[in-house]
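As structure tokens, the structure follows; a few thoughts come after it.
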Amino acid sequence: MTSEKTRQRLVDRLRAKGIKDPRVLDAIAATPRHLFVGEALSSRAYEDSALPIGRGQTISQPYVVALMTEAALAGGRPGKVLEIGTGSGYQAAILAALADQVFSTERIGELVRSARQRFHSLGLHNIYTRHCDGLTGWPSQAPFDAIVVTAGGVVPASLLDQLAEDGVMVAPEQSGSSQRLIRTTRTRAGFEREDLGAVIFVPLLEGVE
Ligand code: SAH
């Protein structure tokens, strides 16, 4: 149930849903998602669905992880990526295969600790984690080539200051009762926004737990 073949079926499904970037599809094929969920759910790890990871949070749906990663990589291989919402660590692991360094922030201490253990046992040494309110970003490591926000809400405009020129931020933004995935690109002239479609994420919250 966690075999190579099962994983390949997920990749085929993502391709059928419109994910084209071979770097993203290869990273998904190579990353053992079953190790990012509890044992009771590992048989469902290669379904294209979000799954609970405890503390009311979820590991994102693989299609959404692929879509966000593809959107974040549009400008080429990023040097530094900032993630808001480490959660299980799965999205960070995918980014770590495609960027030089990933700086991932999470507000729930228990989730940061289990994600760190996973990164360690998988030998993912280019992921740096921090237990903090990610809405403040990671100023000492800025600027970032990409910022990926994996919880939905209102992203403070100050986070955009931590983007490098030509850098992109991909974030689910609340608009009324629904969420839209928005890519914001920092250009010399200012910021350009693109709507990548409807998504569903757990809420972006302030403060730490
Ligand atoms: N990227 C994760 C998705 C986890 S769900 C994965 O691949 O598993 C989103 C996560 O964002 C939750 O763990 C939640 O605790 C976290 N979160 C919400 N608001 C946050 C904030 N302000 N700063 C940091 N993390 C936040």
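Taking the conditions exactly as written (within 22 Å of Ala151 (Cα to Cα) and either over 15 Å from the mean Cα position of the chain (by Cα) or charged (D, E, K, R) (or both)), does Leu35 satisfy them or not? Considered against the rule, which asks whether it is within 22 Å of Ala151 (Cα to Cα) and either over 15 Å from the mean Cα position of the chain (by Cα) or charged (D, E, K, R) (or both), Leu35 comes out as yes.
Among the residues of the range 137-155, those that are more than 10 Å from the ligand (Cβ to nearest atom) and open to solvent by 10 Å² or more (accessible area, probe 1.4 Å) comprise Trp138, Pro139, Ser140, Gln141, Ala142, Pro143, Asp145, Val154. Checking each residue in the range 42-56 for being within 13 Å of the ligand (Cβ to nearest atom) and either open to solvent by 40 Å² or more (accessible area, probe 1.4 Å) or in contact with a Lys or Arg (Cβ under 9 Å, 6 or more places away or on another chain) (or both) picks out Ala45, Ala50, Leu51, Pro52, Arg55, Gly56.
Mind listing whichever residues of the range 66-97 are within 7 Å of the ligand (Cβ to nearest atom) and assigned to a helix (DSSP H, G or I)?
Kept after step one, since they are within 7 Å of the ligand (Cβ to nearest atom), are these residues of the range 66-97: 83-92.
Passing the criteria: Tyr90, Gln91, Ala92.
For the range 12-28, the tally of residues that are exposed (fewer than 15 other Cβ atoms within 10 Å of the Cβ) and outside any helix (DSSP H, G or I) stands at 3. Of the listed requirements (1) open to solvent by 60 Å² or more (accessible area, probe 1.4 Å); (2) within 15 Å of the ligand (Cβ to nearest atom), Ser104 misses just one: (1).
The values are calculated or read from the model by the stated rules, or taken from the named source; none is laboratory data. All figures in this text were calculated on a predicted structure; none of them were measured in a lab. Glycine also receives a Cβ, built like all others from the backbone with ideal geometry; neighbour counts cover every protein chain displayed. The area values use the complete protein model at the heavy-atom level, side chains included, leaving out ligands, DNA and RNA. Shrake-Rupley method; radii C 1.70, N 1.55, O 1.52, S 1.80 Å.
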